[in-house]
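Notes follow once the structure below has been shown.
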Amino acid sequence: MIRLTEIRLPLDHTPDALRDAVLARLGIGEAALRGFTVFRRAVDARRKAAIVLTYTIDVEAEDEAELLVPASAIPPAGAPAHRYWHRSLRHLCRPHPRPGRAAPADPRTRQGGA
């Protein structure tokens, strides 16, 4: 069984649209799909003009092992966002002093903290 998350469809979608969305997400034909079950259905009404239903679907398909991506094929996550900041913003990344201890030295003034 494969669990698909974040399948978003309009509020007034047809029942066949859910099946088509599952097939499109997996990239398989209709013959390879054994069946699916709706695990969770949520209403996303953050935008009144575009209310959508978000589904979590449990899918049974032929050759499920071929559909799954091995963890070694997923690239590692990048460095934290603060590493890509411009050096002029580096002073914002300094750790906060702990209570009862001196603040870290300010590299711009070469003086210790209070």
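Here are some notes:
- Residue tally, condition part of a strand (DSSP E or B) and farther than 19 Å from residue 69 by Cβ, over the range 1-35: 5
- Selection over the range 35-66 of residues that are over 15 Å from residue 4 (Cα atoms), in contact (Cβ under 8 Å) with a residue 12 or more places away in the chain and in contact with a strand residue (DSSP E or B) (Cβ under 9 Å, 6 or more places away or on another chain) gives a count of 6.
- Residue under evaluation residue 53, criteria (1) open to solvent by less than 90 Å² (accessible area, probe 1.4 Å); (2) at pLDDT 70 or above; (3) part of a helix (DSSP H, G or I), criterion not met: (3)
The values are calculated or read from the model by the stated rules, or taken from the named source; none is laboratory data. For clarity, every value in this text was computed on a predicted model and none was experimentally measured. Reconstructed Cβ throughout: ideal geometry from the backbone, glycine too, with neighbour counts over all protein chains shown. For the accessible areas, the whole protein counts, side chains as well, though only heavy atoms, and no ligand, DNA or RNA atoms are used. Shrake-Rupley method; radii C 1.70, N 1.55, O 1.52, S 1.80 Å.
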